[in-house]
1. Return the pairs, sorted by first residue and then second, in which the second residue is of a type in the set (D, E, K, R) and part of a helix (DSSP H, G or I), the first residue lies in segment 865-878 and is in contact (Cβ under 8 Å) with a residue 24 or more places away in the chain, the beta carbons are less than 7 Å apart, and the residues are 6+ apart or on different chains.
2. Within 25 Å of Y873 (Cβ to Cβ) and more than 11 Å from the chain's Cα centre (by Cα): does that describe V675?
3. Considering only segment 831-854, I want to know if a residue exists there that is touching a strand residue (DSSP E or B) at 6+ places or on another chain (Cβ under 9 Å), of a type in the set (V, I, T) and surrounded by fewer than 24 Cβ atoms within 10 Å (Cβ to Cβ).
4. Under 7 Å between Cβ atoms, at least 6 apart or on separate chains: pull out the pairs that start in segment 641-662 with a residue that is farther than 25 Å from G761 by Cβ and buried (at least 24 other Cβ atoms within 10 Å of the Cβ) and end on any residue that is at pLDDT 85 or above and among the basic types (K, R).
5. Which residue, of N1128, N1102, is closer than 30 Å to Q762 by Cα and at pLDDT 95 or above?
6. Does at least one position in segment 942-953 carry a residue that is among the hydroxyl-bearing types (S, T, Y), touching a helix residue (DSSP H, G or I) at 6+ places or on another chain (Cβ under 8 Å), closer than 20 Å to S688 by Cβ and touching a residue at least 40 places away in the same chain (Cβ under 8 Å)?
7. Give the residues of segment 270-289 that are within 14 Å of R893 (Cα to Cα) and among the polar types (S, T, N, Q), sorted by residue number.
Amino acid sequence: MSSKLPILAFVLFLPPMSSSSVDTPEKPHIVIIVADDLRFFRMLILSRKGFNDVSFHGSSQIPTPNIDALAYTGRILNNYYVQPLCSPSRSALMTGFYPIHTGLYHGVINADEPYGLPLKFKILPEYLKDLSYRRHMVGKWHLGFHRHEFTPTFRGFETYFGPRTGNLDYWKHIHYLRVKRKKDNMWGFDMFHNTTASWSTVSQYATRLYTEKAEEIIEKHNKSEPLFLYFAHTGVHSATHDPPLEAPEETVRKFLHIKDTKRRTYAAMVSEVDQSVGRVVAALKEKRMLDNSMILFTTDNGGPAHGFNRNQASNWPLRGVKSQLWEGGVRGAALLWSPRLKSSGVSRDLLHITDWLPTLYAAAGGDPSTLQDVDGKNQWPTLALGKPSARKEVLLNIEGKNHALRMGKYKLIRGVLWPESENLSEKKFVKRSKSCPEIRGAAATRIETSCQLDEEPVMEDPVHDGPFSCSAKSSNKWVSNLTECVVCFEQDFPLKTLGEIPDHLINPGPLDDCGARPPKPTCPQNLQPCLFDVESDPCEYHNLVASKPNILAKLEARLKEYAATVVPDLKVPSDPMANPAKWEFIWACWKDFPGPIDNSSSFPYLWRRRIIMNPSLFVAVLCSFFSFCAGFGSSPRPHIIFILADDLGFNDVSFHGSTQIPTPNIDALAFTGKVLNNYYVQPICSPSRGALMTGYYPIHTGLQHLVICAECPYGLPLEYKLLPEYLRDLGYRTHAVGKWHLGFFQREYLPTSRGFESHFGQWTGSIDYYRHFHFSKLGVCRSNQFREESFLNFTGFDMHEGEEPNLEAVSTYITDVYSSVAEGIIAAHDVQEPLFLYVPHVAVHSAYDPEALQAPPEVVEQFSYIEDIQRRYFAAMTWKLDEAVGKIVEALRVKDMLQNSIIVFSTDNGGPAHGFGSNQASNWPLRGVKVQLWEGGVRGAGVIWSPLLQNSGVSQDMIHITDWLPTLYSAAGGDVSTIGAIDGVDQWATLSQDKGGSRSEVLLNIDNRIGSYALRIGPYKLVYGMARQKYSLRSWASFRPEVMLRAPLKDCGPRPDVPTCPQESSHPCLFDVEADPCEYHNLAEEKPEIVNELLARLAEYNATAVPPVNQPPDPAADPALWGGFWTNWGDYTKL
């Protein structure tokens, strides 16, 4: 099976299927997915299998869009605790008992130790068997196997596939056990199907292999019976022998932005786990089981950032690592997803891993009161219905004098130093450098993903890798070279820094601000008790023992009560008879056999035969995931879907670094496709759309001056052949859904007269999102184009199907309308013919009047953490746009068209953070906004996705919106040489085969009416005439460092107090936008020869410019004259 990223968010953001449409059991299907050694801080979008290894906890270096999709639509568990080590956590999950009550509280069950989870304990699959569940397990067991009766198929599971030990080589499936005496080290094969060694799987990457088995279970399941699938990954646990971190090379290559090679491999391991999650969810949906499923995703313990089983994980900002009782070792990343949950969001209720047994048993219809007297609490009413948590305290562990207990908000901890973690010394707790301004933790890491690598030597930091230069002043200080700030990191216990990024889905904090860390750690690792308020101090900075003696006494008394119930430790010494060398190099249930196998003669042949590598061909991998072999021939040409966003800012998409507004569906395209990092559009709407449709710069179509206002009798000149007309020549079916804005005063200018077979949408530039009225701002058109202000504003209905008004969707949110129509076109399409679907959304353009920004209230409520109410509405509009993208992709998948599709996502211009059409967008850190020729007005967010691309990643090639016509025509099999001398350049080879860029310059515009122009050649950009645009725009105010994170650009350095090249400048300004994308430093005086070169090229362009085709407003356009509708009035006489 392929590791190519599957449908993820596209599946989850669809509404659940009606129970009447599918044969589902009364009881829900239950899927538990356990990640191994995942850190707290990077789990959802940036999974590293620690608290900060998932994106939904704020990580951005490693995208985890599939896990994020579950989190966004489910419940993120922000006060969730696990045990500090693997076997104890798994036993707690399976039994509902604290490890002190099962005897598994000391270390883990090593492969050579003859003990396991005691047989007297009934475990979760056995309870679910009583409720008629079918029960299957895939992945890591780690609860004992010295006798068969301790293995999964003897403990309630019908089938089992996976390793029985704690970790293994991801390709050879060997578990390597290091013991005190090196000569006694043991190693052997550890991959089992039920009780039989599965030799045929050698050379298959373990994470993918598990996933394939899980998909097979789901596919074969009789959905009339409830399913329990326990899927326990070994990812992202380190392997047991060299190399400790392993991942497929093609996945590792996706993370070349991470300079530390170990961290890079770790990122790939996380990505593989995330892709696995997506594939499991997709399998459930394909089987029509998803609408009746519960999916639990959890880690087993904190990430081992250092010491024992180190895997490059990060628990930042929490203190401590795996095996320790600090929050970093026991506060876990987890989420629960199910249509049965009353609401989604972040849960701050106290939960422990023991709670899952009674909780899931209750959710499955069982009576928790009939369970053994377990320590776990039934949290189903809390999670499903929002009732108060049934848990007020959590025992984290008792092991001799090492113990920890949380009651309410207070946590008592003592003796947390493990021998394996002695390298975590106090000397690594260093002081904050004065040169480091305080910036929120998520911001300090989110920047890592998309920034270009600087060329300076970079020291290896295992946690905070990426585009960071190491300060020579301190080996513990890591300094990013990004705009306006220096971010300091520490190797062991990174700083929790300040800033006002509110909690929310992508970054639910996920913790309260810890404040400045003390110069020396309070409560050093010793046997003295320490007390922390982990609600206000989750980083465990401030020991309250002296100030809260009564609380301390209360917790110590409770610990004594627990200590009185501790059962004896089951840990036993190593048994030499476990050595796989005695059992044909298999980790066998050695206690069930009378003696070892004599394999002295057979070993060399058997072992060599079993480890021969048989990698699958890349094409076969694609076939297995995309069904290429079965469906690719359905159309000889690729389906082309072009999704155009309206007025979307450069920093309003997550893949450019923003965490305030999640865009998981667009991100999914970006992460598995090509992000266009040097992508240019026109500074305003109609010129960009004209350039897209014709392949010509606006100076050659006459659309270089502002937009086509609704009452102006002109449009995109008819002599130009448009993209849909070219594609129809190649046999394409062509449809448009959404905003046209290229003229409609006469029928011949309408979409259905310009190459589209059908069009559903608006003809004008903006619309009320519910009533579908366009309010024409005549003041804008007249004062800026013709200086006339004698007419009243016009208002009329603007929703058309073909040439006729369509009133059926009135009161329905416009983004949903367009999405639904697009889905319908895909569903009805004959897959034997190639499809061109153009979806120019009106989102996130403002509606003008009477409410500029509009979104469904329930979606707006999801963004209540955003204080600015207008920005909150914008966030909701963007979320709906992203949701629409996911629905279109899912429709393609369901129709079996996705595997042969090209999807382009683009904005039409920069976001109007201020001024004309303001919608609260952000182009940060770029200078300028919509209508301006600064980078913020013309550098757009763009992505191309297709299985036809040889590689995914970030493209730095210069691309302009005019390039799409020849590029897509070429991708469709057309001969670009027959198009003629257009301005657009065929970039298909550049994008699909990573060949050198075909473009070295971009004309951004020449508008002689207002005297403005801009041109980029190579790294240099010449710009002039910003003051003559007559818009008092606060260009620099679009910088929002308090709510936005870094864009994928090189460091601009500190912003000057006074902008160079102010808008009133009477001279052209020159910028090196590769080194200075924020346009801080005017180089015109330093490089006059470059200025002259660009001016000469501009003169050549200007000599070819045609006059603007703008026409003054026509009073006959008034919808009041045409029954209240915006219509093609030029074809009719007045009513």
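The values are calculated or read from the model by the stated rules, or taken from the named source; none is laboratory data. Predicted model, so just to flag it, every value in this text is computed and none were measured. With ideal geometry, Cβ positions are generated from the backbone for all residues, glycine too; neighbour counts draw on all protein chains shown.
1. Pairs found: I866/R872.
2. In short, no.
3. Looking through segment 831-854, at least one residue is touching a strand residue (DSSP E or B) at 6+ places or on another chain (Cβ under 9 Å), of a type in the set (V, I, T) and surrounded by fewer than 24 Cβ atoms within 10 Å (Cβ to Cβ).
4. Final answer for the pair search is F650/R939.
5. N1128
6. So the first thing to find is which residues in segment 942-953 are among the hydroxyl-bearing types (S, T, Y), and the list is 946, 952.
From the residues that got through so far, the ones that are touching a helix residue (DSSP H, G or I) at 6+ places or on another chain (Cβ under 8 Å) too are 946, 952.
Now drop any that are not closer than 20 Å to S688 by Cβ, which leaves none.
Within segment 942-953, not a single residue is among the hydroxyl-bearing types (S, T, Y), touching a helix residue (DSSP H, G or I) at 6+ places or on another chain (Cβ under 8 Å), closer than 20 Å to S688 by Cβ and touching a residue at least 40 places away in the same chain (Cβ under 8 Å).
7. none
A quick yes/no check of all residues on (1) among the hydroxyl-bearing types (S, T, Y); (2) more than 32 Å from the chain's Cα centre (by Cα); (3) modelled with pLDDT of 90 or more:
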site	(1), (2), (3)
N301	no, no, no
R319	no, no, no
L325	no, no, yes
D355	no, no, yes
A384	no, no, yes
S389	yes, no, yes
N397	no, yes, yes
A404	no, yes, yes
